[in-house]
1. Could you tell me the relative contact order of the chain? Use alpha-carbon pairs under 8 Å, at least six residues apart, and round to a whole percent.
2. Go through [x] 82, 48, 14; [y] 37, 27, 19; [z] 33, 31, 18 and flag the label whose value is the computed semi-axes √(5λ) of the Cα gyration tensor in Å for this structure.
3. State to the nearest 20 debye the size of the charge dipole of the chain about its Cα centre, where the only charges are +1 on K and R beta carbons and -1 on D and E beta carbons.
4. Can you spot the lysines whose alpha carbon is less than 18 Å from residue 39's alpha carbon? Ignore those fewer than 8 places along the same chain.
5. Which entries of 208/366; 158/219; 106/140 show an alpha-carbon separation above 22 angstrom in the structure shown?
6. In nm, to one decimal, how far is the residue 145 label point from the residue 259 one, both placed 7 Å along Cα→Cβ?
7. Report the residues of the stretch 208-242 in range of a label on residue 274: point 7 Å along Cα→C-beta, backbone N strictly under 15 Å from it.
8. Can you flag which of 171/213; 307/409; 307/382; 224/409 are past 28 Å Cα-Cα?
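FYI, it's all coordinate maths here, none of it is from the lab. Predicted model, so just to flag it, every value in this text is computed and none were measured. Positions of Cβ are backbone-derived with ideal geometry, glycine not excepted, and every protein chain shown enters the neighbour counts.
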Amino acid sequence: MFNKEKIDDLQKRNAELESENSKLAQLGTKSVLELETQKADLDANVSRLKEQLAQLATELAEKRAEIVETDDQAILQEAGFYQFTTVLDTAVAYAERNAALRARIKAANRAGGNAVLGTTNWTVNGSKAAGQKMVNEVSKLMLRAYNGEVDDAVRTLKPYKLPAAIDRLNKVRASIERLGKSMSIAINPQYHELRLQELRLTADFLEKQAQEKEAEKVKREQMKEEAQAQRELAAEKVKLMKELAHHQAVLAQATETGNVDAVTSATAKIAEINASIQSVEEHAANIRTGYVYVISNIGSFGEDVVKIGLTRRLDYDERIRELSSASVPFIFDTHAVVFSTDAVSLEHQLHNAFEAVRINRVNARKEFFRTTPAQVVGQLEKLTESLSENHVMVFNEIPEAVEWRISQKVQNPGGVLQPST
């Protein structure tokens, strides 16, 4: 009896478990079907999104192809040395060549010049004449739009932007031609090449003009420096001549009175003055004579930057003071000054020795180098040893930079300033 009840109870429990298992199985089957449906929907959505992404990528590529780079900073970063497309000697020569080219462009814009090509089979309401008139009118509008873009590119052109301007013109031509595609209207390739050549010649002209202006500026500065040097030398000679006359008078008087000591002193002084006059005259006659100087300006350019220059002034300090004008916040420190009868060659040798660390690699007039004063002074020592006529006037490795150091102290009262080493 007990076993029968237990068996019945177990059978009942088993039936309940089978019922629950059946329900779970049905639920599992339903969940799997739902998940498979959801996965199919998701796969379809992914496929649609991929198609849309591919379409957007294609559209983006097309739009990018139509964009012309106009950011000056980005273009400048990519720009290298300007390469002339046509080599001529002067800016005037480029202007003349461009004027001849513009005459050809003007002729191409006249009736029959074939600046624009278009279909001859277009009809309007069955009229070929009316169709040709429409083609001509649309051609004129397209040519006017094209020429306007070119004229604007020429007017605002900068030499380093020439590649971007050419790219822009090519894309302008393509955009305008799409408007006349139904009438087969297009810019004549030969006319387009004329306008591209105009861009190139304009860029060449602007670059050559800038180079000539820079060369003229250098020439004016050299002439100004030379004139100032000649004035100083002339003034020094006048001063020496006055001293000579004075000592000659002293010598004459001492000779008359028989003052042997005075005669000896006056004679020595006259010889010294005559030597100075000869030196001044040689300096004035030899345009290569002058002073090579090495200076730095920590406050303006930072440490390990020096300027290696040349002056023919009798007072080299005056030239260095000019460089320390209001154009820089602090005065220059002088590290070395060498007098040489061939200062031009000495300066050139120094520039060559430090060419690899020249800061401005385009404009050689900017004589700044990223090196230490000690290294330049060391090179000067080697050069002056081999050239006995060079005379070192100043020699100082460590810059004082007084104004800058005081300014730093004011900005940082708790700091301790140490001279650069």
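1. Details: 419 pairs, mean separation 46.5, N = 421.
Taking the mean separation of contacting Cα pairs over the length of the chain, I get 11 percent.
2. It is the value labelled [x].
3. Values: 55 positive and 61 negative charges, 485 e Å.
Its charge dipole is roughly 2320 debye.
4. 30, 50
5. Values: 208/366 19 Å; 158/219 25 Å; 106/140 14 Å.
Too far apart for the 22 Å limit: 158/219.
6. Going from the residue 145 label point to the residue 259 one covers 10.1 nm.
7. 241
8. On the way: 171/213 34 Å; 307/409 26 Å; 307/382 19 Å; 224/409 39 Å.
Correct reply: 171/213; 224/409.
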